[in-house]
Amino acid sequence: MRQFTQVVLFTGADGRAQFREESLALSEGNPQSMLSPLQASGGYQLRESPVGFRSSFHCTTAPQWCFILRGQMEIGLQGGVSRIFGPGEHFYSADLLPPGATFDPQIHGHWSRQVGTEPLQTLFVRA
């Protein structure tokens, strides 16, 4: 069975954001057009971030897919780990603040920034 690999940004047991890769089965459709089972969604937002944009550390408020439409986006984690995503790439963002925790930018969340010479355009689809 064919698989689709998704990058997941999540909150680990230590409260820190981490990356992992997961496989989704492409179990529907036909050999020319394999599909995953239908996934629920709760709306979408488009965003454009100018050259030079960089956020501070923050947590995702609700799980969502992030698709890079134009430009490049870097996601940075505590400890200096980061990944750059370009047009056509995506990740699933689920690094929520742990229940009962007060946000601490030294522990929780991730930062994002625009990379390169063109503005960053993204599509966020709520899970």
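Structure above, values below:
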item: In the stretch 74-117, residue surrounded by the fewest Cβ atoms within 10 Å (Cβ to Cβ) [restricted to those that are of a type in the set (Gly, Ala, Ser) and not in a loop (DSSP other than H, G, I, E, B)]; result: Gly80
item: Residues that are outside any strand (DSSP E or B) and loosely packed, with under 11 Cβ neighbours inside 10 Å, drawn from the stretch 1-38; result: Met1, Ala13, Asp14, Pro31, Gln32, Pro37, Leu38
item: Out of Phe19, Phe124, Phe103, Phe57, sole residue that is in contact (Cβ under 8 Å) with a residue 24 or more places away in the chain, closer than 26 Å to Met1 by Cα and out of contact with any helix residue (DSSP H, G or I) (no Cβ under 7 Å at 6 or more places or on another chain); result: Phe19
item: Pick from the stretch 39-60, criterion outside any strand (DSSP E or B) and hydroxyl-bearing (Ser, Thr, Tyr), ranking: surrounded by the fewest Cβ atoms within 10 Å (Cβ to Cβ); result: Ser56
item: Answer residue from the stretch 34-78, given it is β-branched (Val, Ile, Thr) and within 14 Å of the chain's Cα centre (by Cα) and is nearest to Arg20 (Cα to Cα) among those; result: Ile75
item: Tally, over the stretch 1-55, of residues that are within 30 Å of Leu97 (Cβ to Cβ), of a type in the set (S, T, N, Q) and out of contact with any strand residue (DSSP E or B) (no Cβ under 7 Å at 6 or more places or on another chain); result: 1
item: Residue in the stretch 70-91 that is acidic (Asp, Glu) and within 15 Å of Gln6 (Cα to Cα) present; result: yes
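Read the figures in this text as sums done on the coordinates, not as results from a lab. Keep in mind it's a predicted model, so treat the numbers as computed, not measured. Reconstructed Cβ throughout: ideal geometry from the backbone, glycine too, with neighbour counts over all protein chains shown.
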